Amino acid sequence: ALERTFSIIKPDATRRNLTGAVNAVIEGAGLRIVAQKRIKMTRDQAETFYGVHRERPFFGELVEFMTSEPVVVQVLEGEGAVAKYREIMGATNPANAAEGTIRKQFALSVGENSVHGSDSVENAAIEVAQFFSGNEIVG
Ligand code: CMP
C-alpha cells in the first residue's frame, strides 16, 4: 500500500554535510520526500518524541545528542514506505548494518546513527503529526 513514514536526518549527519547524500539514497530507493524542514529540536520535542525510551540508560544522552545541532525532519512516501525505509537505513547499530545501507555508509555509532525511521504505520502518523501540519505535506 502507499504509505508515509517519518524520517529524521540526525545531528551527526547534518554536521558532516550529509543531508544531500542521505536524500540521494532515499530518492534512489524510490521514496518521495513529500515534506522536509531543517530545525533545531527543543528539549521538549526530543523528550516527547523519544518518550518510550524515557527509562532507558541512554535517554539523557539521546536527548542531548538530538538537541545538540540541527536535524532535518521529513515525510517519505511510497509503496510500503515504512518497511522500505527501515531496509535502506540498516540496523540501529552500524556495526550490524548491511552493505549499502545509510547507516553502514554514514553512521558513527549506535547513538550517532545518522537517521531515524518510524517502526510502524501507526507510529509514523503520530511522529509526522508531532512535526508537520497537514498543509506542509505536499504529495
Ligand atoms: P532511533 O531509531 O532514533 O530510536 C531510538 C534511538 O536510541 C536509536 O535510534 C539509537 O540512536 C538510540 N540508541 C539505541 N541504543 C542506544 C545506546 N545503547 N546508546 C545510545 N543511543 C542508543
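All of the numbers you see were taken from the coordinates with simple rules; none came from a lab. Here the structure is a predicted model, which means the values were calculated and not measured. Note that we place each Cβ from the backbone using ideal geometry, even for glycine, and neighbour counts take in every protein chain shown.
Find the residue count for the range 36-48, including only residues that are part of a helix (DSSP H, G or I) and either more than 14 Å from the ligand (Cβ to nearest atom) or free of Cβ contacts under 8 Å to residues at least 40 places away in the same chain (or both).
Count: 4.
One residue stands out among those in the range 107-133 that are away from the ligand (no atom under 14 Å from the Cβ) and in a loop (DSSP other than H, G, I, E, B): the one that is nearest to I88 (Cα to Cα), which is F132. Considering the range 49-92, the residues that are among the charged types (D, E, K, R) and part of a loop (DSSP other than H, G, I, E, B) include one that is farthest from the ligand (Cβ to nearest atom), namely E69. Per this entry, R32 is counted among residues that are of a type outside the set (F, W, Y), more than 10 Å from the ligand (Cβ to nearest atom) and surrounded by fewer than 18 Cβ atoms within 10 Å (Cβ to Cβ).
Has the range 93-105 got at least one residue that is in contact with a strand residue (DSSP E or B) (Cβ under 8 Å, 6 or more places away or on another chain) and touching a residue at least 60 places away in the same chain (Cβ under 8 Å)? Yes, the conditions are met somewhere in the range 93-105.
Exactly one residue among V52, V72, V34 is in contact with a helix residue (DSSP H, G or I) (Cβ under 8 Å, 6 or more places away or on another chain) and hydrophobic (A, V, I, L, M, F, W, C), and that residue is V72.
For the range 49-83, a residue qualifies if it is touching a residue at least 60 places away in the same chain (Cβ under 8 Å) and more than 16 Å from T19 (Cα to Cα), and the qualifying residues are F49, E77, G78, E79, G80, A81, V82.
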